[in-house]
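What follows is a set of notes on a single structure, which appears directly below.
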């Protein structure tokens, strides 16, 4: 069977694999669309090929995303993704003196609602990339015209390198997340240190109470685990080597937690308590010395343990 005779479902899977290739230097969509009419028709009708959109000036590199460099190209990409939930990456401009242009016709066209639906309300995953020197004032320019409605949002990713914070703009955004993102389940923090935005977000119990999957750096000053009663997955990433702080999980309380990933180095006194290790179904350790790994394994009986090696660590699962 030649590739031209493959079923549409198989071709769609191949296209998505090519689009999401992390090693791809160029967006493969244009080349795929030019091969033949059949390939063009398949790709045009493939919703998942057009819903991952990145508005970036260079810092954010999102595999599989349609990369936009202006509000015009972003608007075109959003209009093309007429169906399906969106995965949006927005990189703030590095300098307030060079803001995005929000006043052109393309941007204005996105303010027209389709019923009660806008691109913001269709956004399932939102990643905000905040480089040094940017300002949170841009939040209102991005989301204000669309009513700050995050009805479909399930995952919020904050990549904060430190910026100038406008308290009112940040509070309006966080209030909107708390009031409209009823489906929010996952929160990811990427930051070299505790920025003001990170601290403000972690103070919002009305947001944290919804989180079931949480990813944060080890140098984050956070211990209010009681604010996360529904937490089922926790990933603590490696800390900034220049930070003196290392997260202490010895007082971790998470009755629903079943999956845990820890990226070393980790201090022995800061490992989770016996009660947490005993309730896990899945534990992954990356960059841990063998002695500390053995200590964690010894905290529960080896019954039904399935041990496997990963590319950068060890994973233990307990079946039954």
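The values are calculated or read from the model by the stated rules, or taken from the named source; none is laboratory data. Model, not experiment: these values are computed from the prediction. A quick note on method: Cβ atoms are made from the backbone with ideal geometry, for glycine too, and the neighbour counts reach across all protein chains shown.
For segment 269-290, a residue qualifies if it is outside any strand (DSSP E or B) and within 19 Å of residue 225 (Cα to Cα), and the qualifying residues are 269, 270, 271, 272, 273, 274, 275, 276, 277, 278, 279, 280. When segment 183-200 is limited to residues that are surrounded by fewer than 18 Cβ atoms within 10 Å (Cβ to Cβ) and under 17 Å from the mean Cα position of the chain (by Cα), the one that is farthest from residue 214 (Cα to Cα) turns out to be 192.
Do we find that residue 221 is surrounded by fewer than 16 Cβ atoms within 10 Å (Cβ to Cβ), assigned by TED's automatic domain parsing to the domain that holds residue 134, under 22 Å from residue 129 (Cα atoms) and at pLDDT below 90 in this structure? Walk me through how you get there before you give the answer.
Values: surrounded by fewer than 16 Cβ atoms within 10 Å (Cβ to Cβ): yes; assigned by TED's automatic domain parsing to the domain that holds residue 134: no; under 22 Å from residue 129 (Cα atoms): yes; at pLDDT below 90: yes.
So residue 221 fails the test.
Segment 6-114 holds no strands (runs of 3 or more DSSP E) entirely within its bounds that carry 3 or more residues that are modelled with pLDDT of 85 or more, surrounded by fewer than 17 Cβ atoms within 10 Å (Cβ to Cβ) and touching a helix residue (DSSP H, G or I) at 6+ places or on another chain (Cβ under 6 Å).
Return yes when residue 258 is surrounded by 16 or more Cβ atoms within 10 Å (Cβ to Cβ) and under 18 Å from residue 187 (Cα atoms) and no when it is not. It would help to see each step written out before you state the result.
Values: surrounded by 16 or more Cβ atoms within 10 Å (Cβ to Cβ): no; under 18 Å from residue 187 (Cα atoms): yes.
Judged against the criteria, residue 258 is not a match.
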